[in-house]
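J.: Input: one structure, supplied below.
The values are calculated or read from the model by the stated rules, or taken from the named source; none is laboratory data. Every value quoted in this text rests on a predicted model; they were computed, and no experiment measured them. Don't worry about glycine lacking a Cβ; one is built from the backbone with ideal geometry, like all the others, and counts go over all protein chains shown. We work out accessible area using only protein heavy atoms, side chains counted, and drop any ligands, DNA or RNA first. Shrake-Rupley method; radii C 1.70, N 1.55, O 1.52, S 1.80 Å.
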Amino acid sequence: MVPELEKATVRMKDPERVKNVISALRKGGVGKFQVISDFDMTLTRFGFNGRRCPTSYNIIDNSRVISEEGKKKLKDLLHHYYPIEIDPYRTMEDKLPLMIEWWTKAHDLLAQQKIKKSDIAQVVKESDVMLRDGFNILFDQLHQNKVPLFIFSAGVGDVLEEIIRQAGAFYPNVNVVSNYMDFDDSGVLRGFKEPLIHTYNKNNTVLKDTEYFQQLCTRTNILLLGDSMGDLSMADGVVDVENILRVGFLNDRVEEQRGKYLEAYDIVLEKDETLDVANGILRFVLAETAQATQPTCP
C-alpha cells in the first residue's frame, strides 16, 4: 500500500486504523483532499551531521542583522523557554502564558534591531536552513494535483516564505498563516502583525478570518503534518472533517516523548529527516484521483 511505512523510523499505535484512513483518503478523491502542515522542524530538518538546523526565528537570531548583545539576549530566552515548550510533564495550560511571554519578548528584541526588509532574502541565503529530503517532491505532487497546502506556523512568515521561494516551490496552492513582520514606510522592522501565533494556539483562536477554510468547504479529507502537541489542533478550522491522518515528527527527547506522540499521532516518525512517508502516502492517495469528480460546496 505505502512501502515507506515499513521504514525503521516509523512507529504506529494502530497500523490497521492508519491503513483504513489512507484508503478512505484515496477513495475520497483529489477534490476532497488537502494538506495542513507546520513548517519549522516539520518541513525543515531538525538536524544535519549531528548539528541542529535553524528554525525561521533562528535564521534571524543568528544572522548579521542582529547585534552581539541582541544575539545573547535571544539565546538566553531560548535556553529558558525551549525546555518548557518540550517538557512532556507540563500541561498545555501551564505552558500557554509562558509561550506568549517568550514570543512577545523575542518580538520586542527583534524590533529593537532595526532589521530591514531588504535583508531578509540574503539572510535566508546565508543561513544553514535545510528543507527535509523530498521537500520538492511533496510540493510538486500537491501543485500538479491542485491540492491546497496550508502551512500554519508559529515561526516568521516572511522568512519561511523566502525559504520556500528560494527552493523554487512557492506555488499558488500554498497558503501560509504565520507571524509576519511589520515594516515601516522605510522598510525597517517596527514589530510584528497580529495575531501572535505560538506553539500552543495554532487553532481557531488565531484563525479569526476563516475564509480560507470556507473556500475549501469540500476539502474534508486531511493529511496533517506536525512536530509538536500544539500542531494537533491545526485542522480545527475545517468544518465537518471526514478523515484525518496525523503524521508527527518526533525530533527531540525521543524516549521520553514516544508514548505521548503515539497516543496523539497516527504515525510517528522518530529522527526521520525525510518526507518519504508523507510522499509515499500522497503517491498512494493521489494515484487514481486525476479523473475524480470535483465536489461543490452546498
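J.: Residue 271 versus residue 116, label points 7 Å from Cα toward the beta carbon: distance in nm?
T.: 4.3
J.: About the Cα centre, and with charges only on the beta carbon of Lys, Arg (+1) and Asp, Glu (-1), how big is the dipole of the chain? Nearest 20 debye, please.
T.: 340
J.: Which one of 74, 113, 124 is farthest out on the positive end of the charge dipole of the chain, using unit charges on Cβ (Lys, Arg +1; Asp, Glu -1) and the Cα centre as origin?
T.: 124
J.: Subtracting the Cα-Cα distance from 0.36 nm times the residue separation, let me have the gained length for residue 8 to residue 256 in nm, one decimal.
T.: Taking 0.36 nm per residue and subtracting the Cα distance, the gain is 87.4 nm.
J.: Rounded to the nearest 500, what is the chain's calculated 222 nm mean residue ellipticity when only DSSP H runs of at least 4 contribute -39500 (n - 2.57) each, over all residues?
T.: On the way: 10 runs with 112 residues, N = 298.
So the helix-based figure for the chain works out to -11500 deg cm²/dmol.
J.: Right, here's the next one. Could you work out what % of the accessible surface of the chain is carbon and sulfur, using a 1.4 angstrom probe and leaving DNA, RNA and ligands out of the count?
T.: Here it works out to 49 percent.
J.: Taking the chain as a whole, which cysteines find no other cysteine Cβ under 4.7 angstrom from their Cβ?
T.: 53
J.: Can you pull the percent of Cα pairs in the stretch 111-226 with separation above 21 Å?
T.: Counting pairs separated by more than 21 Å, the tail of P(r) holds 46 percent.
J.: Can you give the alpha-carbon Rg of the stretch 41-91 over 2.2 N^0.38 Å, where N counts its residues?
T.: 1.30
J.: Here's something else I'd like to know. Please express the shape of the stretch 143-298 as an equivalent ellipsoid: the semi-axes are the square roots of 5 times the eigenvalues of the C-alpha gyration tensor, given largest first in whole angstrom.
T.: Ellipsoid semi-axes (Å, largest first): 26, 22, 17.
J.: Considering the Cα positions of the stretch 50-196, please state its Rg to one decimal place and its Dmax as a whole number of Å.
T.: Rg then Dmax for the stretch 50-196, in Å: 16.3, 48.
J.: Now for a different question. Using the heavy atoms of the protein chains and a 1.4 angstrom probe, tell me the accessible area per residue for the chain in square angstrom.
T.: Value returned for the chain: 47 Å² of accessible area per residue.
J.: Can you put 67, 118, 37 in order of accessible area, largest first, using a 1.4 Å probe?
T.: Result of the area sort, largest leading: 118, 67, 37.
J.: While we're looking at this one, here's another question. Using only the Cα atoms, work out Rg/Rh for the stretch 205-286, with Rh taken as the Kirkwood radius, to two decimals.
T.: Ratio value, two decimals: 1.00.
J.: Among DSSP beta bridges lying fully in the chain, give the percent that are antiparallel, nearest 5.
T.: Rounded to the nearest five, the antiparallel share is 25 percent.
J.: Quick one: if you take sqrt(5λ) for each eigenvalue of the C-alpha gyration tensor of the chain, what semi-axes come out, biggest first, whole angstrom?
T.: Over the Cα atoms of the chain, the semi-axes work out to 32, 22, 18 Å.
J.: Would you mind putting 78-85, 147-154, 45-52 in packing order, based on average other-beta-carbon counts within 10 Å, highest first?
T.: Most protected by this proxy first, the peptides run 147-154, 78-85, 45-52.
J.: Quick one: Kirkwood hydrodynamic radius for the stretch 13-69, alpha-carbon pairs, angstrom, one decimal?
T.: Evaluated on the stretch 13-69, it is 15.1 Å.
J.: How would you rank 194-205, 269-280, highest first, on the average number of other Cβ atoms within 10 Å across their residues? Before the final figure, lay out the partial values.
T.: Numbers: 194-205: 17.8, 269-280: 20.7.
Order by mean packing, descending: 269-280, 194-205.
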